[in-house]
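Working notes, beginning with the structure itself.
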Amino acid sequence: MVELYGKAMSRRDIAAKAGSFSQFAGVRLMTLADGVERGIRMLEFRSGTGLRFTVLVDRALDIADCDYRGMAIGWNSPAGFKHPGLHEYEGEGGLSWLRSFSGLMVTCGLDHILFMADEPGDTYVYGPRRNISHSLHGRIGTIPARLTGYGEEWRGDDCILWCEGVVTQGTVFGEHLDLVRRIEIKAGTDEIRLTDRVANRGFYRTPHMYCYHINVGHPVLAENSRYLAPIKEVVWAAHAGADYEKQGVGYHTMPAPQLDFHEQVWQHEMAADSEGQVPVALVNDALGIGFEVVTRKDQFPCMYEWQNLQAGQYALGIEPSTNHVLGHGAARERGELIWLEHGEERRYDTTFRILPNVDAIAASERRIRSLSEQPADAFPPPTGNHIALGGRR
């Protein structure tokens with residue numbers, strides 16, 4: 001059944017009330033036509049609850065806009081949703097990724113995440129390619145997808161809104177990786193389900209690193225908004241040391257937009273529930289609105305918190321990752337870099353959930369606290385305990 005306007009309705013009930021289901025919910029394909037976004041194909045989802053989000057087909061099927069009953073959830077940066085043809089991957093010493101960085105979700109990978117790094121190129125058996133140079137957060141987020149399908153799928157009296165596509169990161173004498181992405185939401189609900197599969201289609205042994213940069217903006221992010229997570233320990237903070245408390249912003253309670261704020265990044269070690277799931281949320285108690293991300297510990301063993309609280313760029317990032325924040329080189333040295341042989345793949349299952357009222361916020365907080373009580377101290381001393389990530393090849 002589809003719940004619309006407080007009432008559970010069958011497919012027949014809904015059909016009797018309008019000539020098209022799109023009056024209430026649906027998915028439609030459109031093309032942006034102005035500015036740096038010109039030419040980007042975009043899918044707009046409406047679930048029927050007041051939840052609307054857009055998926056950029058030509059930017060790795062990432063989620064761009066997201067709003068709920070008129071309140072923004074996702075973050076829009078000054079960069080806009082730039083067409084990938086305008087992106088310069090090698091620019092600014094590897095930092096030009098920031099000039100295409102915007103939206104609720106930006107995918108990082110497929111063979112590199114985090115800051116710029118060079119790695120040996122010998123796995124590709126090509127003499128001139130002695131080293132592979134990686135820019136910030138990798139290439140995948142600005143590669144267009146091949147859209148394989150989208151629309152409405154009725155399963156009895158349930159309607160699933162969906163899209164699917166393939167994003168290929170490939171080169172001659174180098175990696176050939178596919179990201180197969182499917183996004184679903186059941187009409188009448190506030191839960192977006194994301195299923196990714198990253199596969200090696202080539203015949204070189206290829207490294208794989210993966211991260212989601214999930215960016216929540218105002219009004220969910222506001223003064224006194226709270227970061228909720230089952231934190232067992234704070235492992236690392238980029239600003240730790242003599243300047244740890246210099247900006248006066250801890251990990252769990254957010255301030256209003258700041259002037260001259262330097263980004264803060266934390267890595268937390270999270271507890272998982274009996275099914276291996278890790279819920280993390282940002283909530284605004286004053287407005288009674290929140291946003292929750294649920295990942296799997298066996299797929300994303302690491303979690304970062306990104307605070308970009310600068311006025312005009314105000315965002316909080318929830319970042320599940322396959323690897324520690326130590327970076328590409330450390331992952332190699334520690335034997336924690338994932339290697340994919342031909343035909344091998346990794347799967348990632350993630351849920352984005354709107355918390356539409358104080359009861360939903362309270363339920364989320366109870367669920368998170370049942371797994372681990374997060375530190376009460378706003379500035380917990382980082383332990384430096386980057387737990388060994390097992391099972392890597």
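Assorted remarks:
- Estimated translational diffusion coefficient (Stokes-Einstein, Kirkwood radius over Cα pairs, 4 °C, 1.567 mPa s) of the stretch 282-356: 86 µm² per second.
- Under 5 Å from the amide H of Leu340 lie the amide H atoms of Thr206, His208, each residue being 5 or more positions distant or on a separate chain, with H modelled from the backbone and absent for Pro and chain starts.
- Ranked for footprinting exposure by Cβ neighbours inside 10 Å, fewest first, Lys82, Lys297 give Lys297, Lys82.
- Here's the list of lysines a cross-link from Lys7 could span, going by alpha-carbon distance under 25 Å and ignoring same-chain residues fewer than 8 apart: Lys17, Lys186.
- FRET efficiency for Glu153 and Gln247, using Cβ-Cβ distance with R0 set to 35 Å, rounded to 0.05: 0.15
- Counting only the Cα atoms, the stretch 2-371 fills a convex hull of 151 Å³ per residue.
- In this structure, the amide hydrogen of Leu51, modeled 1.01 Å from its nitrogen in the peptide plane, lies closer than 5 angstrom to those of Arg69, counting only residues at least 5 positions away or on a different chain.
- Percent of alpha-carbon pairs separated by more than 25 Å within the stretch 1-120: 40 percent
- Cβ distances below 4.7 Å define possible disulfide partners, and in the chain the cysteines left without one are Cys66, Cys159, Cys163, Cys302.
- Put in line by how crowded their Cβ is, counting other Cβ atoms within 10 Å and starting with the fewest, Val106, Val166, Val325 read Val166, Val325, Val106.
- For the stretch 126-182, the spherically averaged projection of the C-alpha convex hull amounts to 5.4 nm².
- In Hz, Karplus ³J(HN,Hα) per residue of the stretch 223-234 (6.51, -1.76, 1.60; θ = phi - 60°; x = Gly, Pro): 4, 6, 4, 10, 8, 10, 7, x, 7, 7, 7, 8
- The phi torsions of the stretch 125-140, fed into the Karplus equation with coefficients 6.51, -1.76 and 1.60 and a -60° offset, translate into couplings of 6, 9, x, x, 9, 6, 9, 9, 9, 10, 8, 3, 6, x, 9, 5 Hz, rounded to whole numbers, with Gly and Pro shown as x.
- The slack between Ala16 and Asp34, meaning 0.36 nm per residue of separation minus the straight C-alpha distance, is 2.6 nm.
- Val358-Asp298 FRET efficiency (beta carbon distance; Förster radius 35 Å; 0.05 resolution): 0.60
- For Asp62, the amide hydrogen comes within under 5 Å of the amide hydrogens of Leu56, counting only partners 5 or more places away or on other chains and with H modelled in the peptide plane.
- Extension gain from Ile160 to Ala388, taking 0.36 nm per residue of separation minus the Cα-Cα distance: 78.2 nm
- Of the GluC sites (Glu not before Pro) found in the stretch 331-393, those that fall in a DSSP loop while having at most 16 other beta-carbon atoms within 10 Å are Glu341, Glu344, Glu373.
- All-pairs alpha carbon distance profile, the stretch 1-46, 5 Å steps from 0, percent: 5, 18, 20, 16, 11, 10, 9, 9, 2
- Spin-label model, Glu344/Arg130: points 7 Å from Cα along the beta carbon direction are separated by 2.8 nm.
- Ascending count of other beta-carbon atoms within 10 Å, so fewest first, for His218, His342: His342, His218
- Applied to the stretch 378-385, the Karplus parametrisation 6.51 cos²θ - 1.76 cosθ + 1.60 on θ = phi - 60° returns per-residue 3J(HN,Hα) values of 5, 10, x, x, x, 7, x, 8 Hz, with x for Gly and Pro.
FYI, it's all coordinate maths here, none of it is from the lab. Owing to the predicted nature of the structure, the values given are computational and were not obtained by experimental measurement. Note: ideal-geometry Cβ built from the backbone for every residue, glycine included; neighbour counts use all protein chains shown.
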